[in-house]
Protein chains: 2
Amino acid sequence: MKVTPWDVSGEIDYNKLVKDFGATLIDEKIKKRLKTPLLKRGNYFSHRDFDKWLEAYDKKKIISVITGRGPSEKMHLGHLIPFLAAKSLQEEFNCKVFIPISDDEKFFVKEDLNFNKVLEYSKENILDIIALGFKVNETFIFEDFIYTDIYKYAAQIAKRITYSTAKATFGLKTENNIGWSFYPAIQIAHILFPQFYLGKHISVVPVGIDQDPFIKLARDIATHKDFKLEKPAALHAKFIPSLFGNIKMSSSGEGVIFLTDSPSEVKRKINKYAFSGGQSTIKEHRKKGGNPDIDISFQYLKIFFEQDDKRLEKIYYNYKNGTLLSGELKIILIEKINAFLAEHQKNREEAKRSIDKFIIKNSIR
Amino acid sequence: MKVTPWDVSGEIDYNKLVKDFGATLIDEKIKKRLKTPLLKRGNYFSHRDFDKWLEAYDKKKIISVITGRGPSEKMHLGHLIPFLAAKSLQEEFNCKVFIPISDDEKFFVKEDLNFNKVLEYSKENILDIIALGFKVNETFIFEDFIYTDIYKYAAQIAKRITYSTAKATFGLKTENNIGWSFYPAIQIAHILFPQFYLGKHISVVPVGIDQDPFIKLARDIATHKDFKLEKPAALHAKFIPSLFGNIKMSSSGEGVIFLTDSPSEVKRKINKYAFSGGQSTIKEHRKKGGNPDIDISFQYLKIFFEQDDKRLEKIYYNYKNGTLLSGELKIILIEKINAFLAEHQKNREEAKRSIDKFIIKNSIR
């Protein structure tokens, strides 16, 4: 098992990861506070100080959520996870959400990605994010190459990270460019940004567990005497499997549903690729039942699309006892995805008109 | 002899430096084109492509000057050299001047310098620079922590510099902070900034010879396919000796005249410290004469204060033949410095009103 911010491979043992990283499993006490399926059904499994975040909420203190994105040409369902989590938290706890877009990271890391192209990606991705339904005036989006003021925050953090530390924490190589070696400072500035912007308070970062080294470093730096900020909290997500059932979705290849996929593409991909936990013949399936726990269609319904716990449970048992066939399960998923995407594309058009209300602007002296 | 951007020591052999760096001595043909004392009296001794810059001027092409400053608490006379050169070039060749203030570099390199303090330094130093008499609308000043848009230019350059290259070129250490390792990209962005701002053209950098590694790297990067810019030209200055006669002025200690020094401080420092090329008694001086070539008072008159060639020549020979005593030479210098500083302080007050006309502002989307 290998899990770094830039490389995930092998068989993932989440319990071991939590131990290795020194994080805490989400317990029943916390789970009871979470209402939305995405947050309570186990995809978010581990945390740092999320109990303190809830405590601050209970005491009516200021709290916020911060989660970012390295822009890419097209977004797929897996990319939505942290934003859906942020939106859920915004709705449940009525808090501000900060969304930094790290066009610089993508630009530094991808050799052939040119500057204007990455700006385009950011613009397109921001529309997809706004389309999820974030609240105007409560949601602050910025991209590093436009909101360049991030540099002055990052610089203050950079001063407190040696190259050796950055190299050890993030596996930098000396043949990597110096933008890449500076990037950890930008990333930490993103994580601490809600506090730079609103003053000292506890902010939570919903994030893939592979990004935890950034969280740890951000927590160390937060309390440095230069800053005297709160340690940010974190909610760690498991990886979302690809259609093939691989550990983690990847934008290359056919194993993902893009937000721009047409209804017929969705249908084709799910039917052709979605890894099935069913039996190889109908007769056998009726007799032995399927395995929803490894079935991708069921997993996607659980993670993304079936909001009703009762209905999800019914699907689970019907699939397990063989009443529900693999093909029928896929039809349920295809319909759900296509309804979601149709709504998303509509919201995305509307987002083009409201985008300015979400974007933080550079200060000018 | 050791000459790097951060360390100058030993006996400086300028001819050897020019050879080692692969630059070119300023020849008579170039000297004939230069009118101001500072440029033609030998302090600027070497160059890269300055002949091409003059050629572009002759062909009425766009040309510019760029020279920057790492801000410090107080500026001294030595700090003025590149700006006086830039101003001379602006007057003689009617060109635009760009002045980046690298508050970030100072912040990264000086462990105890805090963020707000370096912003103050920048503001104060900018007033001193404007006070020298740069033309409004033809002079563009910016500091990295305010004009943060510099980050998006630096990022594009950073992508083309590996950590190994930066380490080798600038002597970075792994225990230096990652701001410091990123800084070469900012520095190169400064040097190429006139072209980012005005489009492709030849720009000249008046700069201490110790900063040449930045120029070389900037020239390499300018022609990269990402940028396709002109290689910047350079004019290399010798170091300005301290009052004690050391190689290079240093802000610590008494060996420099600060722009804020009072007339009595100037008098005291020159009388007490200015290294004399005179003889130890008046009688001996009258008989053997002094040595103006090692006399700091004469050097300062030559570099900064005596604009009239004839008068300078007269001082030179009178000192050499013993007619002019060391104390009398010092009186001439003290009067010149105090007249300059009085005028400077007046201009500096006026600069407070015009500063906004010189500052480049961040773009806002």
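The values are calculated or read from the model by the stated rules, or taken from the named source; none is laboratory data. Only a predicted model underlies this, so the values are computations on that prediction, with no experimental measurement involved. Every residue, glycine as well, gets a Cβ built from its backbone with ideal geometry; the counts of neighbours run over all protein chains shown. Areas reflect the complete protein model, heavy atoms only, side chains present, ligands, DNA and RNA absent. Shrake-Rupley method; radii C 1.70, N 1.55, O 1.52, S 1.80 Å.
Overview of values
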item: Any chance B:LYS302 is within 14 Å of chain A (Cβ to nearest Cβ), under 25 Å from B:LEU259 (Cα atoms), open to solvent by 20 Å² or more (accessible area, probe 1.4 Å) and modelled with pLDDT of 95 or more; result: no
item: Cβ-Cβ under 8 Å pairs, at least 6 apart or on other chains, segment A:342-362 side within 14 Å of chain B (Cβ to nearest Cβ), far side open to solvent by 70 Å² or more (accessible area, probe 1.4 Å); result: A:LYS357/A:ASN137; A:ILE359/B:ARG365; A:ILE360/A:TYR197; A:LYS361/B:ILE364; A:LYS361/B:ARG365; A:ASN362/B:ILE364
item: Flag for A:SER264 being among the polar types (S, T, N, Q), open to solvent by 70 Å² or more (accessible area, probe 1.4 Å), part of a helix (DSSP H, G or I) and out of contact with any Pro (no Cβ under 9 Å at 6 or more places or on another chain); result: yes
item: Selected residue [open to solvent by 20 Å² or more (accessible area, probe 1.4 Å), in contact with a Gly (Cβ under 7 Å, 6 or more places away or on another chain) and at pLDDT 95 or above] from A:ASN271, A:ASN291; result: A:ASN291
item: Number of the exception - B:HIS285 against (1) open to solvent by 50 Å² or more (accessible area, probe 1.4 Å); (2) part of a helix (DSSP H, G or I); result: (1)
item: Residue within segment B:299-315 that is part of a helix (DSSP H, G or I) and touching an Asp or Glu at 6+ places or on another chain (Cβ under 6 Å) present; result: yes
item: Unmet requirement for B:SER276, which otherwise passes all of (1) open to solvent by 60 Å² or more (accessible area, probe 1.4 Å); (2) closer than 22 Å to B:TYR316 by Cβ; result: (1)
item: Helices (runs of 4 or more DSSP H) completely within segment A:139-254 that count 3 or more residues being open to solvent by 10 Å² or more (accessible area, probe 1.4 Å) and at the interface with chain B (Cβ under 10 Å from one of its Cβ atoms); result: A:150-158, A:163-170
item: Meets criteria (of a type in the set (Lys, Arg), free of Cβ contacts under 8 Å to residues at least 40 places away in the same chain, open to solvent by 10 Å² or more (accessible area, probe 1.4 Å) and assigned to a helix (DSSP H, G or I)) for A:LYS117; result: yes
